[in-house]
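Trainee: First the structure, which I've put down as structure tokens, then a few questions once you've had a look.
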């Protein structure tokens with residue numbers, strides 16, 4: 001195999017993270033969190049269909065401190081993923097593509113997802 005003497009491209013450690021790249025990575029991570037939350041939702045529905053004992057066991061897990069923390073994270077992931085998906089749809093339509101608007105919409109997604117999570121959990125407590 002022939003070797004060439006071209007330089008290797010810089011790795012991620014060379015680049016400073018930018019808001020757009022961090023939000024893109026976060027969007028993918030929240031998609032994974034939502035998938036895991038969907039598995040928990042299906043388990044809860046199966047327990048609901050299985051009878052009161054199974055339902056009580058799953059509810060005991062979900063309403064424990066770790067379960068509530070996981071549901072809080074899931075709620076935050078839901079709002080972030082939804083709002084960032086809308087942001088991507090706006091980009092697909094050709095809106096908010098210049099750098100200042102991309103940054104402003106990114107911060108708006110982060111802020112609104114936090115605000116919506118606080119509103120939902122504040123109304124539950």
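The values are calculated or read from the model by the stated rules, or taken from the named source; none is laboratory data. Just so you know, these numbers come straight off a predicted model, no measurement behind them. So basically every Cβ, Gly included, is an ideal-geometry build from the backbone, and we count neighbours across all protein chains shown.
Trainee: Taking the conditions exactly as written (in contact with a helix residue (DSSP H, G or I) (Cβ under 7 Å, 6 or more places away or on another chain), touching a residue at least 60 places away in the same chain (Cβ under 8 Å) and surrounded by 11 or more Cβ atoms within 10 Å (Cβ to Cβ)), does residue 109 satisfy them or not?
Mentor: yes
Trainee: Here's something else I'd like to know. Going through 74, 91, 95 one at a time, which residue ends up being over 17 Å from the mean Cα position of the chain (by Cα) and assigned to a helix (DSSP H, G or I)? So that I can check it myself, show each step before the final result.
Mentor: Values: 74 fails: over 17 Å from the mean Cα position of the chain (by Cα); 95 fails: assigned to a helix (DSSP H, G or I).
Going through 74, 91, 95 in turn, the sole match is 91.
Trainee: Just to be sure before I move on: is residue 46 surrounded by fewer than 14 Cβ atoms within 10 Å (Cβ to Cβ), touching a helix residue (DSSP H, G or I) at 6+ places or on another chain (Cβ under 8 Å) and in a helix (DSSP H, G or I) in the structure I sent?
Mentor: Yes; evaluated as a whole, the condition is true for this residue.
Trainee: Hey, among 58, 40, 120, which residue is in a helix (DSSP H, G or I), surrounded by 17 or more Cβ atoms within 10 Å (Cβ to Cβ) and either in contact with a strand residue (DSSP E or B) (Cβ under 6 Å, 6 or more places away or on another chain) or modelled with pLDDT of 95 or more (or both)? Steps first, answer last, please.
Mentor: Working: 40 fails: surrounded by 17 or more Cβ atoms within 10 Å (Cβ to Cβ); 120 fails: surrounded by 17 or more Cβ atoms within 10 Å (Cβ to Cβ).
Of the residues listed, the single one that is in a helix (DSSP H, G or I), surrounded by 17 or more Cβ atoms within 10 Å (Cβ to Cβ) and either in contact with a strand residue (DSSP E or B) (Cβ under 6 Å, 6 or more places away or on another chain) or modelled with pLDDT of 95 or more (or both) is 58.
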